[in-house]
Amino acid sequence: MASSIENNNEKLTLKSSDGEEFLVEKHVALQSTLLQNMLDSDCSSADVIPLPKIDARTLALVLGYCKKHADASSSKQGELNSFDSEFLKDMDMGALFNLVLAANFMEIKGLLDIAAQKIADTIKDKPHQEVREIFHVENDYTPEEEAAVREENRWAFEGFP
Amino acid sequence: MSLSNSDRSINNYPAKAEIKNESSDSDCSRRSYRSPGYQPAKRPRTDRRKTAIDRLSELPDHVLVHMLSLLPIREAIQTLVLSRRWKSLWTYVPSLHFRLFNSCVSVRDIQRFVTFVDETLIRSNRSKLEKFEVLCWYQPNFASDVNRWTKFAVWKGAKELHLSLPLAGLGSGGDECYELPQYLYTNSSFGDLGFSRCSVVPEGVVAWKSLTRLSIGCVKLSEDVIHKILAGSPVLEILELYKFKGFNRLRVSNSSVKKLILRNVWPICTTEEYMDSSKLEISAPNLRSLEITGCLARKNCRLGDVSLMQRSNLT
């Protein structure tokens with residue numbers, strides 16, 4: 001693994017929405033399906049690739065994830081798993097949503113998976129009102145509508161062990 | 001008490017379009033959840049939260065659906081009460097896992113479970129399913145329900161199908177377990193199949209052209225059945241058998257099968273079964289990896305031709 005990285009000195013420049021430029025090794029960039037497709041087509045590695053929807057802070061996080069995954073050999077799956085579980089730990093919701101959108105835009109499946117899992121874990125086992133409060137979800141049902149929706153879907157709220 | 005719902009034919013599950021990348025507020029024309037007084041334009045606002053942005057609901061549909069698929073199915077469905085945005089998002093979840101595995105369940109629990117699965121399937125808007133799984137206690141009069149669900153999985157082109165149906169009640173014999181319907185044996189969508197406590201007896205040929213992983217357990221199998229399965233699974237890579245009985249020779253001649261996993265033979269109750277399971281001869285010339293775990297030790301296991309094997313894990 002290490003030798004292939006040393007031999008591959010090709011780099012490309014990514015530019016965040018707030019104008020910061022990141023020099024990235026090509027094999028790291030290839031973790032992103034979006035960048036892979038761009039490189040496969042006609043984009044030269046000398047070009048600066050703008051990522052207008054991703055700010056520098058988020059892009060730095062994304063590239064940290066990509067680098068770890070690109071450099072790790074397949075035999076180190078356990079190490080990657082613990083990296084993944086640490087990666088989003090203590091991250092605030094704002095940063096998490098930026099990361100989800102970046103992973104979605106850049107098509108980095110693994111990162112999107114762990115970020116989606118983090119959101120799911122936050123929702124799990126919580127009453128709906130608490131979920132609404134955590135994520136600022138505005139309940140736009142009228143009380144009558146909500147009652148009707150619950151009634152129509154009563155089967156989903158009836159318990160079985 | 002009958003648990004079947006014979007009035008719910010599989011044909012009643014409506015075919016629906018794939019998810020659209022737009023607000024899901026308008027896509028529930030099939031079955032209206034709206035109360036008679038529903039007026040879309042009138043949105044009551046709570047002033048105290050006007051400043052806070054709901055970034056969760058702003059995520060694209062497919063990201064939210066993916067997130068919902070990581071929740072237990074019932075919790076995913078219950079998000080429909082959060083707001084209008086969430087009302088039908090769950091209906092696009094691509095993986096459906098239904099589990100009723102508490103050690104103490106009543107007939108009423110099972111009835112509710114059946115209703116829950118049916119109501120979920122009726123509302124599913126996914127045109128293609130990735131995974132379909134049912135793990136629950138089984139009773140013979142429950143067969144028509146499971147048949148209806150497996151038909152649904154086949155109709156939706158599920159790539160993974162997992163059924164685990166231990167018999168409910170004490171002293172149930174092995175003969176009453178769920179018999180896999182014959183239409184399951186010829187299917188080119190299946191890539192991953194898992195059957196536990198299901199009777200596997202194909203009458204005709206097996207044709208699982210895309211199947212790469214198969215796991216069968218807690219069941220009596222015959223050499224003939226295994227032969228049919230292997231003959232009909234040309235790209236099978238991983239074969240797992242656990243808590244099995246009924247055969248003494250296992251021949252895996254498929255060039256595709258790289259890994260064989262054998263776990264725990266069936267608990268022995270009678271002398272006849274002891275004789276039946278006293279030995280096991282394995283021959284798999286193309287195998288790369290063999291894993292034998294658990295109390296297979298009772299078997300006098302003999303490895304025949306395993307000339308290509310690179311890795312074995314015997315514990």
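The values are calculated or read from the model by the stated rules, or taken from the named source; none is laboratory data. A quick note: this is a predicted structure, and the numbers were derived from the prediction, not measured. Virtual Cβ from ideal backbone geometry, glycine too; neighbours counted across all protein chains shown. Ligands, DNA and RNA are excluded from the accessible area calculation, which covers all protein heavy atoms including side chains. Shrake-Rupley method; radii C 1.70, N 1.55, O 1.52, S 1.80 Å.
Residues that are at the interface with chain B (Cβ under 7 Å from one of its Cβ atoms), under 24 Å from residue A:95 (Cα atoms) and not polar (S, T, N, Q) within the stretch A:113-161 comprise A:116, A:119, A:120, A:123, A:124, A:128, A:131, A:132, A:135, A:136, A:137, A:138, listed in sequence order. Take the residues in the stretch B:150-177 that are under 14 Å from the mean Cα position of the chain (by Cα) and modelled with pLDDT under 95; name whichever of them is most open to solvent (accessible area, probe 1.4 Å). Residue satisfying both the conditions and the ranking: B:166.
From A:97, A:87, A:83, which residue is surrounded by 13 or more Cβ atoms within 10 Å (Cβ to Cβ), at the interface with chain B (Cβ under 9 Å from one of its Cβ atoms) and aromatic (Phe, Trp, Tyr)?
Values: A:87 fails: at the interface with chain B (Cβ under 9 Å from one of its Cβ atoms); A:83 fails: at the interface with chain B (Cβ under 9 Å from one of its Cβ atoms).
Residue meeting the stated conditions: A:97.
If you go through the stretch B:194-226 one residue at a time, how many are outside any loop (DSSP other than H, G, I, E, B) and more than 17 Å from residue B:262 (Cβ to Cβ)? Spell out how you get there, then give the answer.
Let us first name the residues in the stretch B:194-226 that are outside any loop (DSSP other than H, G, I, E, B), namely B:194-196, B:198-199, B:207, B:213-220, B:223-226.
Of the ones still in play, those that are also more than 17 Å from residue B:262 (Cβ to Cβ) are B:198-199, B:207, B:224.
Residues in the stretch B:194-226 being outside any loop (DSSP other than H, G, I, E, B) and more than 17 Å from residue B:262 (Cβ to Cβ): 4 in total.
Residues that are within 8 Å of another protein chain (Cβ to nearest Cβ), closer than 27 Å to residue B:101 by Cα and either part of a helix (DSSP H, G or I) or open to solvent by less than 20 Å² (accessible area, probe 1.4 Å) (or both) within the stretch B:54-90 comprise B:66, B:67, B:68, B:71, B:74, B:75, B:77, B:78, B:79, B:80, B:81, listed in sequence order. For the stretch B:91-118, a residue qualifies if it is touching an Asp or Glu at 6+ places or on another chain (Cβ under 6 Å) and assigned to a helix (DSSP H, G or I), and the qualifying residues are B:112, B:114.
Selection of the stretch B:123-154 for residues being within 13 Å of chain A (Cβ to nearest Cβ) and touching a strand residue (DSSP E or B) at 6+ places or on another chain (Cβ under 6 Å) yields B:135, B:136.
I'm trying to understand the selection: among the residues of the stretch B:96-122, which are open to solvent by less than 20 Å² (accessible area, probe 1.4 Å) and more than 9 Å from chain A (Cβ to nearest Cβ)? First the steps, then the outcome.
Taking the stretch B:96-122 as the starting set, the residues that turn out to be open to solvent by less than 20 Å² (accessible area, probe 1.4 Å) are B:96, B:98, B:100, B:110, B:113-114, B:116-118, B:120-121.
Those that are open to solvent by less than 20 Å² (accessible area, probe 1.4 Å) and more than 9 Å from chain A (Cβ to nearest Cβ): B:96, B:98, B:114, B:117, B:121.
So that you can scan it fast, the table gives a plain yes or no per residue for (1) assigned to a helix (DSSP H, G or I); (2) buried (at least 18 other Cβ atoms within 10 Å of the Cβ):
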residue	(1), (2)
A:119	yes, yes
A:129	yes, no
A:134	yes, no
A:137	no, yes
A:144	yes, no
A:151	yes, no
A:155	yes, no
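Close Cβ contacts (under 7 Å, 6 or more residues apart or on different chains) running from residues in the stretch B:186-204 that are of a type in the set (Phe, Trp, Tyr) and modelled with pLDDT of 95 or more to residues that are surrounded by 19 or more Cβ atoms within 10 Å (Cβ to Cβ) and not in a loop (DSSP other than H, G, I, E, B) comprise B:190/B:161; B:195/B:163; B:195/B:216.
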